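Engineer: Shown below is the structure under consideration.
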Amino acid sequence: MPPGPWWKTAKVATGLTVAIVAVLGLTAVWIWPGRKLARAKPRSLTDAEVGLVPATFVPDGAQPNKPHAVDPQEDLRARAEKGDADAQAILGCCYDLGHGVQEDHAEAAKWFRKAAEQGNALAQGNLGICYETGRGVAQDYTEAAKWYRKAAEQGSVPMQALLGGYYDRGRGVAQDYAEAVKWYRKAADQGDATAQYNLGVHYAKGQGVQQGYSEAVKWYRKAAEQGDADAQWSLGYYYEDGKGVQQDHAEAAKWYRKAAEQGDADAQWSLGWCYKTGEGVPQNDIEAYKWYSLAAAAGDKQAAKWRDEVSERMARAEVIEAQRRAAAFVAKKEGGRGGADGISPTPEIAEGKGCAGTGFFVTDDGYFVTCEHVVRGASSFHVRSPSGSLPARLIKKDRTIDVAVLKVGGAFRALPVAAQPRVKLGEAVFTVGFPNPVVQGVEPKLTQGEINSMAGARDNPRYYQISVPVQPGNSGGALLDECGNVVGVVTSRLDDVATYEESGALPQNVNYAVKGGLVYSFLSGVPELSGKLKAPRTGRDREAASATAERAAVLVVAE
């Protein structure tokens, strides 16, 4: 049997300031990927990707072909010096990155502090990172924890995961597993894979919560399905051991393989074991030798021992083939990412040549819906789906309700649009989309929340207010109920700068979706869709609904 999951304990998030910026008008979207930490047994430190999204945001695709460059030495600096916290936070990012100014970490920390002291969550998180890494300030874990907490209390998911890690390790705060679980859960409930994995570890070990293997499996699965290799390995172990789930060697091998192909040495060891013994896969000495060799190359002496044992029953030609396979192996991270920095940008998006959003099919023959502002001002369109990149043509759009319908050739899985959605205040809803595809990759991402209000901003009756987390790239995504019916289309989130200027306060996770009834009426007026729209579903099956939504979602690029 492979080594158990006690080899892997909670992985603790950390951050290092590497930034990518996209500027639209006086608003910006900044992503801060985390650095990867080397793991040692016990596995208390592993990689965690930290993404900070500032509050300042305009709907995706606003003036997509007319980007307005911000000169941090003029407009942005003037606003920052007048005390605008959002401008101060972005100026700090500019200094940290060296974007438009000479890179200066001390100056970055200065501006982060000014904004952080005014309550800007982006700046609070980044100031915490400065203190954790000693970037522009003297390293101080207590100060880092202080600022992480401030950002976490404002709802910053990455900072909630980071703060959980601090309590987990007793870094900058007294070690407190219950408090760690509290913050991990907040981030995990909003889809953070690192927090989901760590929550699974705590349930497995009974630290800060009552021990429960089925609950551990639940959280491991959520993280594993997002491509987290540690969670995939752990889920495989539980399937093999029959803890918290019915024993299933084939399922165990499946999850071991997913993690092994990402380069996880423990998973490579485990998969080697499967091939050596024939558990969950056909017995195959060549594959066993290959995976043991890869684990051994990562320093696992036990794997080297098993590899040598397997080789004793192999022909020379088989050993040579196994060595060839091991030498040819290249780890592939899940989530559509690649390259030296773990990012595979879509050129049209990365170079600012177009606008990206989400769409979803409403007919089996390729008619799909997205937001009108995603295609506004563009003359060519294409989608990226499981079938590849396909050219699309615009059929009809309506700026009033911010909806457009386009067409691609082929056969697809479509979603039913409810003519009269029966959603209520507080009802659970979710969306599948492509947030920040340049950084997060082009694999579909699921986020969930509730209906917060039956009306939009200023009581606009066309919209729902939703708590589903929304980022640039989500616009045009289907908002679905638990049955898998489209009850709305994700359109935007509240413009924080405008709200701040009007009210003096920054809104937290205030997002909107145009109501499904309006979308259905719009589609009913398209002659080409006559008789093709799907009938609404009645049975609640969240797992099936999520799977269908994923297959129906496409990344839309307008140029």
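The values are calculated or read from the model by the stated rules, or taken from the named source; none is laboratory data. All values reported here derive from a predicted model rather than from experimental measurement. Note that each Cβ is placed from the backbone with ideal geometry, even for glycine, and that neighbours are counted across all protein chains shown.
Engineer: Of the residues 136, 128, 165, which single one is over 20 Å from residue 92 (Cβ atoms) and not polar (S, T, N, Q)? Talk me through it step by step, then tell me what you get.
Structural biologist: On the way: 136 fails: over 20 Å from residue 92 (Cβ atoms); 128 fails: over 20 Å from residue 92 (Cβ atoms).
Every option except 165 fails the conditions.
Engineer: Now for a separate question. Restricting to the range 210-233, give me the number of residues that are surrounded by fewer than 19 Cβ atoms within 10 Å (Cβ to Cβ) and more than 15 Å from residue 259 (Cβ to Cβ).
Structural biologist: Residues flagged as surrounded by fewer than 19 Cβ atoms within 10 Å (Cβ to Cβ) and more than 15 Å from residue 259 (Cβ to Cβ) within the range 210-233 amount to 7.
Engineer: Do you know which residues across the range 241-287 are part of a helix (DSSP H, G or I), of a type in the set (A, V, I, L, M, F, W, C) and either in contact (Cβ under 8 Å) with a residue 24 or more places away in the chain or on the phi > 0 side of the Ramachandran plot (or both)? Walk me through how you get there before you give the answer.
Structural biologist: Filtering the range 241-287 for residues part of a helix (DSSP H, G or I) gives 241, 249-260, 265-277, 285-287.
Checking which are of a type in the set (A, V, I, L, M, F, W, C) leaves us with 250, 252-253, 255, 259-260, 265, 267, 269, 271, 273-274, 286.
Those that are part of a helix (DSSP H, G or I), of a type in the set (A, V, I, L, M, F, W, C) and either in contact (Cβ under 8 Å) with a residue 24 or more places away in the chain or on the phi > 0 side of the Ramachandran plot (or both): 250, 252, 253, 255, 259, 260, 265, 267, 269, 273, 274, 286.
Listed here are the residues, each with its yes/no results for (1) touching a residue at least 40 places away in the same chain (Cβ under 8 Å); (2) outside the structural domain of residue 163 (by TED's automatic domain parsing); (3) more than 20 Å from residue 159 (Cβ to Cβ).
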residue: 76; (1), (2), (3): yes, no, yes
residue: 89; (1), (2), (3): no, no, no
residue: 113; (1), (2), (3): no, no, no
residue: 132; (1), (2), (3): yes, no, no
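Engineer: Looking only at the range 522-536, count how many residues are under 34 Å from the mean Cα position of the chain (by Cα) and surrounded by 15 or more Cβ atoms within 10 Å (Cβ to Cβ).
Structural biologist: So the answer is 6.
Engineer: Hey, another quick one. Would you please name the residue that is surrounded by the most Cβ atoms within 10 Å (Cβ to Cβ), looking only at residues in the range 147-173 that are assigned to a helix (DSSP H, G or I) and among the charged types (D, E, K, R)? Outline the logic, then answer.
Structural biologist: First pass over the range 147-173, keeping only residues assigned to a helix (DSSP H, G or I): 147-153, 157-169.
Filter once more, so that each one left must be among the charged types (D, E, K, R): 149-150, 153, 168-169.
Details: 149: 20, 150: 22, 153: 15, 168: 28, 169: 16.
That would be 168.
Engineer: Another question, if that's okay. Among the residues in the range 174-189, are any outside the structural domain of residue 304 (by TED's automatic domain parsing), crowded, with 24+ Cβ neighbours inside 10 Å and either of a type in the set (Lys, Arg) or in a loop (DSSP other than H, G, I, E, B) (or both)?
Structural biologist: no
Engineer: Moving on. If only one of 469, 435, 461 is within 19 Å of residue 383 (Cβ to Cβ) and outside any helix (DSSP H, G or I), which one is it?
Structural biologist: When all the criteria are applied, what remains is 435.
Engineer: Sticking with this one: Can you spot a residue in the range 484-493 that is assigned by TED's automatic domain parsing to the domain that holds residue 419, within 26 Å of residue 118 (Cβ to Cβ) and at pLDDT below 85? Steps first, answer last, please.
Structural biologist: Filtering the range 484-493 for residues assigned by TED's automatic domain parsing to the domain that holds residue 419 gives 484-493.
Next, from what is left, pick out any that are within 26 Å of residue 118 (Cβ to Cβ): 492-493.
Remaining after also requiring at pLDDT below 85: 492-493.
Scanning the range 484-493 turns up at least one residue that is assigned by TED's automatic domain parsing to the domain that holds residue 419, within 26 Å of residue 118 (Cβ to Cβ) and at pLDDT below 85.
Engineer: I'd like the residue in the range 227-240 that is more than 15 Å from residue 199 (Cα to Cα) and either among the charged types (D, E, K, R) or outside any helix (DSSP H, G or I) (or both) and, out of all such residues, is modelled with the highest pLDDT.
Structural biologist: 240
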